[in-house]
Amino acid sequence: MAANVQPEFETVAAVIVTRNRRENLRHCLETLLAQTYPLSAVFVVDNSSTDGTAEMVKGEFSPAIYHRLPDNVGSGGGYRTGLGLAFEEGASWLWAIDDEVVLEPDVLERMMARVAQPHRVADILLPAEFDPQTGRTRVHQAWYGPLIHRDVVAAIGLPMEEFFFWAADSEFFGRARSTGKFKILRAPDIVVTHDKRNPDVLEAKRHPSRLYYQTRNTIYIRRHIQRSPYKTVRSLVRVALGRAAKVIFSREPRKLQKTVMIFRGALDGLRGRLGKTVEIG
């Protein structure tokens, strides 16, 4: 890790991936561009939105660099593209932000003070996510505002676009940890808010296709990356069977579709079949 690094000399480029969440994105960008620590660049990667996202970003947030993808490549492909752009821009730190995240003005300043005090003490910093719906605050290996040093990307590469949706973040952080070269610092006292109250977004998250990708990618990681028979079997029981049972005994609509998607995801995860195999709802 680098020595004698002062926070004021460390550049940070932010990356947001979005699709058809214009109002969430607007709120996220408003809080992002109000940060007390200056950003060298803000990249908005748009997964082919159809809700006027492009016009909103270009018309209201001119400092942001808008990058539209011709097809929806999911969060995996979106963050692969966005972090690649930030890396090529030359930023010392890459800040990955979900479009539902809302930030306090001093969040980045506090994060930078934590990782460079005055020497770099971590290569990845994971802030805590506050969920207003549940009142819970937890630290996740997710795109809820992790700060990633460019040395990590230089060493292990970018997120896997093959996951399409779900788990590209946890796989990326697991890959960094497995090298034994990088320190991941959890910061439960540095909190970002995950605003999931948009009713259209909540409805989309209930779509059966989401269960397919969640199940497939979780089992793929256990079977093909961690190569653990025990964790694979445990995931089949807890993730596939447990999730299917929860759906069957719930009052949710489309139970049959959801159950089929769960077991299809489990099978494809075992077989190592990745990519955009199911249209996302």
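Given the options A244, A168, name the one that is of a type in the set (A, V, I, L, M), in contact with a helix residue (DSSP H, G or I) (Cβ under 6 Å, 6 or more places away or on another chain), surrounded by 13 or more Cβ atoms within 10 Å (Cβ to Cβ) and not assigned by TED's automatic domain parsing to the domain that holds T137.
It is A244.
Could you please find all residues in the stretch 267-281 being among the aliphatic types (A, V, I, L, M) and in a loop (DSSP other than H, G, I, E, B)?
Answer for the stretch 267-281, where residues must be among the aliphatic types (A, V, I, L, M) and in a loop (DSSP other than H, G, I, E, B): L274, V278, I280.
Taking the criterion of being in a loop (DSSP other than H, G, I, E, B), within 30 Å of T137 (Cα to Cα), modelled with pLDDT under 95 and under 22 Å from the mean Cα position of the chain (by Cα), would at least one residue in the stretch 211-223 satisfy it?
No - not one qualifying residue is present in the stretch 211-223.
Which of the residues that make up the stretch 143-159 are of a type in the set (A, V, I, L, M) and crowded, with 21+ Cβ neighbours inside 10 Å?
Of everything in the stretch 143-159, those that are of a type in the set (A, V, I, L, M) and crowded, with 21+ Cβ neighbours inside 10 Å turn out to be L147, I148, V152.
Is it the case that A116 is at pLDDT below 95 and crowded, with 22+ Cβ neighbours inside 10 Å?
Yes, satisfied.
Can we say L25 is under 19 Å from the mean Cα position of the chain (by Cα), farther than 19 Å from D169 by Cα, among the aliphatic types (A, V, I, L, M) and part of a helix (DSSP H, G or I)?
So L25 passes the test.
Kindly indicate whether any position in the stretch 36-47 is in contact (Cβ under 8 Å) with a residue 40 or more places away in the chain, touching an Asp or Glu at 6+ places or on another chain (Cβ under 7 Å) and part of a strand (DSSP E or B).
So far as the stretch 36-47 goes, yes, one or more of its residues are in contact (Cβ under 8 Å) with a residue 40 or more places away in the chain, touching an Asp or Glu at 6+ places or on another chain (Cβ under 7 Å) and part of a strand (DSSP E or B).
The values are calculated or read from the model by the stated rules, or taken from the named source; none is laboratory data. Quantities reported herein were computed from a predicted structural model and do not represent experimental measurements. Positions of Cβ are backbone-derived with ideal geometry, glycine not excepted, and every protein chain shown enters the neighbour counts.
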